[in-house]
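Colleague: The structure is given below, and queries will be raised subsequently.
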Amino acid sequence: MIELTIDGAKVRAEEGMTVLEAARTQGIVIPTLCHFDGLSPYGVCRVCVVEVVKGKRSSLEASCTLPASEGLVIRTGSPRVQRARKVVMELLLSTSPKSKLLQDMAANMGVTKVRFQQKDRDCILCGLCVRYCEQQMQSGGLGFVGRGVSRRVGTAFDEMPEECRNCGGCEWVCPVCEQACRADDLIDGLCGGCLNAVPVESCPICTECSQSVGAEGHRTFR
């Protein structure tokens with residue numbers, strides 16, 4: 001067993017564990033996209049970045065590929081980490097703005113606007129479908145095609161591979177396949193479908209009735 005510090009608490013982890021796995025054993029939530037239990041870590045989405053403290057300096061590293069080591073000091077929710085995750089979510093949303101999962105994660109992180117040019121590609125190149133096809137289904141029918149900005153997920157010669165079992169696992173594991181309920185009515189790149197359109201104030205004479213009070217009196221905003 002090794003001992004490291006996560007968010008000020010001493011955590012014991014087994015040899016071979018990653019920082020993400022060690023944090024989860026303690027109930028510490030670190031958001032992920034390209035990570036999936038049972039698949040090899042990839043570390044490409046960068047949503048799971050944490051701050052690694054080394055003396056007076058620190059660096060941001062992907063927790064899903066960072067091995068847990070003796071004496072490691074980790075911050076999972078520092079201001080620097082939160083700012084980095086917000087920027088990452090903006091970048092991801094600029095390529096797949098219609099994804100329900102990305103929109104939900106962005107809302108949870110407090111992202112209020114996507115500042116990057118939007119090019120809807122319906123893919124964030126997380127590689128989940130490729131790894132699922134190869135490692136879980138033992139098929140290998142999917143892979144990455146092209147380089148740089150032309151990189152995409154595809155099949156050899158864009159033809160249906162013989163290895164494909166039509167299991168649908170690639171679609172099931174994909175984080176962008178499910179569209180947001182207001183995917184066609186985005187504002188600044190964000191859905192906002194689950195946000196209240198009217199500001200809600202707490203009742204000054206609260207009886208814990210689960211209602212709200214506003215300009216029109218005591219009522220529930222829907």
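What follows is calculated from the coordinates using simple rules that are stated; it is not laboratory data. Quantities reported herein were computed from a predicted structural model and do not represent experimental measurements. So basically every Cβ, Gly included, is an ideal-geometry build from the backbone, and we count neighbours across all protein chains shown.
Colleague: Sorting MET105, MET1 on the 10 Å Cβ count, fewest up front, what's the list?
Modeller: MET1, MET105
Colleague: Applying 1/(1 + (r/R0)^6) with R0 = 25 Å to the Cβ-Cβ distance of ILE187 and SER150, what FRET efficiency is obtained, to the nearest 0.05? All intermediate terms of the calculation are to be shown ahead of the outcome.
Modeller: On the way: r = 30 Å, r/R0 = 1.20.
Calculated transfer efficiency: 0.25.
Colleague: Moving on. Quote the FRET efficiency, to the nearest 0.05, computed for TRP172 versus LYS86 with a Förster distance R0 of 30 Å and r equal to the Cβ-Cβ distance.
Modeller: Efficiency computed from Cβ-Cβ geometry: 0.60.
Colleague: Let me check I have the definition right: for the chain, take the eigenvalues of the Cα gyration tensor, multiply each by 5, take square roots. What are those semi-axes in whole Å, largest first?
Modeller: Values: eigenvalues 229, 159, 54 Å².
Over the Cα atoms of the chain, the semi-axes work out to 34, 28, 16 Å.
Colleague: Please compute the alpha carbon radius of gyration of segment 2-77, then divide it by the globular-protein estimate 2.2 N^0.38 Å. Two decimals is fine.
Modeller: Normalised Rg, Cα atoms only: 1.00.
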